[in-house]
1. To the nearest 0.05, how large is the calculated FRET efficiency for ASN256 and HIS231 if R₀ is 41 Å and r is the Cβ-Cβ distance?
2. How many nm separate the modelled label positions at GLN32 and ALA14, each set 7 Å beyond the Cα in the direction of the Cβ?
3. Can you tell me the FRET efficiency between GLU142 and SER296 if r is taken as the Cβ-Cβ distance and R0 is 45 Å, rounded to the nearest 0.05?
4. In nm, what is the difference between 0.36 nm times the number of residues separating ALA129 and ARG24 and their Cα-Cα distance?
5. For each of TRP172, TRP94, count neighbouring Cβ atoms within 10 Å of the residue's Cβ, then give the residues from fewest to most.
6. Which of the helices in the chain meet the span-like rule: DSSP H, Cα axial reach of 27 Å or more, Kyte-Doolittle mean at least 0.5?
7. Along each of the three principal axes of the Cα atoms of segment 348-399, give the extent in whole Å, ordering the values from largest to smallest.
8. Assuming a ≥ b ≥ c are the square roots of the Cα gyration tensor eigenvalues, decide whether the chain counts as rounded (a/c under 1.5), prolate (otherwise, with a/b larger than b/c) or oblate.
Amino acid sequence: MSAIAFELPEELTALCEGLSAFLRTEVVGRHQRHADLLDSPRRLYDERGAYSPEVLALIQEVRMASARAGYYAMSAPESLGGGGLGHLAYFLAWQQVYRVCGAQYWLGHHAISHWAKGPSPVLLGLTEAFQRNHLAPLMSGEHSMCFALSEPGAGSDALAIKTRAERDGDGWRLSGSKIWTSNSPYAQYAVVFAVTDAEAAAQRKGGISAFMVPTSSPGFQVERLIHMFGHAGSDEALLHMQDVRIEPWQLVGELNKGFKISMKGVGLGRVYNTARAVGLGRWALEMAVEYTKVRSTFGKKISEYQGVTFPLADSAMGLHAAHLMGLNVCQLLDRGQPALKELSMTKAFAVEQGRNAVDRAMQTHGAMGFTNEMYLADAFVALRRANVADGTGEILRNTIVKQLLAGDTDV
Ligand SMILES: Cc1cc2nc3c(=O)[nH]c(=O)nc-3n(C[C@H](O)[C@H](O)[C@H](O)COP(=O)(O)OP(=O)(O)OC[C@H]3O[C@@H](n4cnc5c(N)ncnc54)[C@H](O)[C@@H]3O)c2cc1C
């Protein structure tokens, strides 16, 4: 029986079923075969805090297996050879990943091209020359990429970026620093956002362009891996670029109109984080419910104590609402509506509900909830971080209020 009355298109139901089977074989199976490596935080990373070559090879294997099965590039534009599926498919697929894999089988995160790490609508404006010479390994999952927008002095206020691409013959010279760039220590390409028209950028009227930069380019440097809360190693890094030569084939989309591309990416990130929150929240809730049926204290199953079960009812209410909001906003986006207010409400609400559900599941498990073997702490950290990545809770509320004050009070 389903808790959801929305009629999902048959092809999307089939996609989720197929994906589920893929995840069990290719992700859960791989984790089981390589448990010595993947379950050991000490073996995951080298002394710098970067994934070890064995781990990177497994991540690449998952990407490539998924590409062969037709899942990896499902949301990439058809013109690039992707599946061209919309927001609803992206939401459902990511939710499936996190529900099936939870936080334990974390290779699942690589089973679908994350909008910032692999082929996605962000790449719609790739030049023909890039497509001809560089696209195939990105589509097949052999290569990956990263999305370099944030800078030490520009996070929420992304229009304040200082990285510059100065004209140099028919191309540019790129200089500046980027921070928090996920997957950058491992990626072959970075989508770098830079000021190309200082005057327009100062007036916040365009002037920012996007470039596809091979991370092997002379002058491109991963300066430092940043160890984030809860991890012995890192996915995020501080980047430095000094006079990196950019050729015309590296421009993505139109010159000086790159900021729109960045916002397209961030919008997909909001859909992704909503799906991740609902998926991880449901995974945690299901574990907590099961645990109440087997754990006894004072001669009774803990499922008999309302102090234990009422928080789980709260989780169910919050996750159900977040799930419905996710389904709804994706349908608005797929109809071509900007859904600015609705996407902001959905992402802000969902990550809070997902995090609360994980937090309550930890409490339900007592001390067990804090052990690494339950992976609840990993899920908590992921969702705590999600309240900052792709629009902080405060920035999303700013957007909601702006829309309300402009007269868009429809809820
Ligand atoms: C796990 C993770 C992965 C990330 N990956 C990437 C990536 O791959 N690429 C990339 O480019 N960036 C990435 N980021 C960066 C992310 O986009 C920024 O962290 C985010 O935009 C917030 O910027 P900031 O950290 O500089 O915080 P700031 O913008 O400095 O904000 C600090 C605090 O002030 C609040 N605040 C700021 N302005 C306002 C306002 N006007 N009204 C109310 N409150 C306000 C914020 O909500 C926040 O609480 C990642 C971040 C995280 C946590």
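Any read-out appearing in this document is the output of simple, stated calculations on the displayed coordinates, not a laboratory observation. Quantities reported herein were computed from a predicted structural model and do not represent experimental measurements. Cβ sites come from the backbone with ideal geometry, for glycine too, and all protein chains shown count toward neighbours.
1. Once the sixth-power term is evaluated, E becomes 0.65.
2. 2.8 nm
3. Rounded to the nearest 0.05, the efficiency is 0.30.
4. 34.0 nm
5. Numbers: TRP172 23, TRP94 26.
Placing the least packed residue first, the sequence is TRP172, TRP94.
6. Helix filter hits for the chain: 306-334.
7. Principal extents (largest minus smallest coordinate, Cα): 39, 16, 11 Å.
8. Verdict is prolate for the chain.
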